[in-house]
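To start, the structure under review is shown below, and the notes come after it.
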Amino acid sequence: MLSSLFTGPPYGIVVLPVVASISRDVFETVPAVLKESAYACGCTKWEVIRSIVIPYTRGGVIGGVMLGLGRALGETMAVTFVIGNAHRISSSLLAPGTTISASIANEFTEAVGDLYTSALMALGLILFVITFFILAIARYLLMRLDRQTRR
């Protein structure tokens with residue numbers, strides 16, 4: 001059942017390097033004293049990561065994920081080249097596809113007639129609404145996390 005989601009060649013993931021890079025930088029900000037004290041108490045490496053590193057850096061990791069998602073939403077041509085620019089819906093997550101911004105960029109110069117132009121403008125509005133909601137959710141999560149750390 002799950003194997004159909006991951007069939008086909010992987011075309012590349014634009015978000016993953018951004019999230020991994022930011023998360024790595026954030027993980028390095030954890031004071032060594034916290035990790036060393038957990039090791040001294042007998043914690044394993046996984047327990048230190050789960051109990052010390054992740055809670056300490058949760059805001060930065062969430063921020064990195066949101067930056068990566070924002071990059072994927074905002075990038076046009078890089079994402080178009082990476083995901084294959086295919087105008088069809090596939091059952092596989094790794095199959096070629098397209099994005100709203102790539103569709104607008106590729107088809108706007110060919111838009112002839114009011115209906116075609118209006119459809120591309122509607123796609124732009126949909127992209128704006130999606131981006132707005134994602135940023136609002138990210139802002140809410142970070143405000144909630146900030147409130148929890150102040151207690």
Problem set entry | Test for Phe108: is it of a type in the set (Phe, Trp, Tyr) and either in contact (Cβ under 8 Å) with a residue 40 or more places away in the chain or closer than 21 Å to Leu69 by Cβ (or both) | no
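If we scan segment 88-99, do we find a residue that is in contact with a strand residue (DSSP E or B) (Cβ under 9 Å, 6 or more places away or on another chain), without any contact (Cβ under 8 Å) to a residue 40 or more places away in the chain and either surrounded by 19 or more Cβ atoms within 10 Å (Cβ to Cβ) or closer than 26 Å to Ile22 by Cβ (or both)?
Among the residues of segment 88-99, at least one is in contact with a strand residue (DSSP E or B) (Cβ under 9 Å, 6 or more places away or on another chain), without any contact (Cβ under 8 Å) to a residue 40 or more places away in the chain and either surrounded by 19 or more Cβ atoms within 10 Å (Cβ to Cβ) or closer than 26 Å to Ile22 by Cβ (or both), which makes the answer yes.
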For this session: Report, by residue number, each residue of segment 26-39 that is assigned to a helix (DSSP H, G or I), β-branched (Val, Ile, Thr) and closer than 27 Å to Leu67 by Cβ.
Result: Val26
Exercise. In segment 58-89, what residues are in contact with a Ser or Thr (Cβ under 7 Å, 6 or more places away or on another chain), closer than 21 Å to Asp25 by Cα and β-branched (Val, Ile, Thr)?
Worked result: Val61
For this session: Kindly list, by first and then second residue, each pair from a residue in segment 27-39 that is closer than 13 Å to Pro55 by Cα to a residue that is not hydrophobic (A, V, I, L, M, F, W, C), limited to pairs with Cβ atoms under 7 Å and residues at least 6 apart or on different chains.
Result: Phe27/Thr57; Thr29/Thr57; Val30/Tyr56; Val30/Thr57; Leu34/Tyr56
Problem set entry | segment 120-138 - residue that is hydrophobic (A, V, I, L, M, F, W, C) and touching a residue at least 40 places away in the same chain (Cβ under 8 Å) and, of those, surrounded by the fewest Cβ atoms within 10 Å (Cβ to Cβ) | Ile130
Seminar exercise, completed: Of the listed residues (Ile49, Ile126, Ile83), the one being of a type in the set (Val, Ile, Thr), modelled with pLDDT of 90 or more and touching a Phe, Trp or Tyr at 6+ places or on another chain (Cβ under 9 Å) is Ile49
Exercise. In this structure, is Gly63 at pLDDT 75 or above, buried (at least 17 other Cβ atoms within 10 Å of the Cβ), on the phi < 0 side of the Ramachandran plot and in contact with a strand residue (DSSP E or B) (Cβ under 9 Å, 6 or more places away or on another chain)?
Worked result: no
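The values are calculated or read from the model by the stated rules, or taken from the named source; none is laboratory data. Because the structure is a prediction, the values reported are computed rather than measured. A quick note on method: Cβ atoms are made from the backbone with ideal geometry, for glycine too, and the neighbour counts reach across all protein chains shown.
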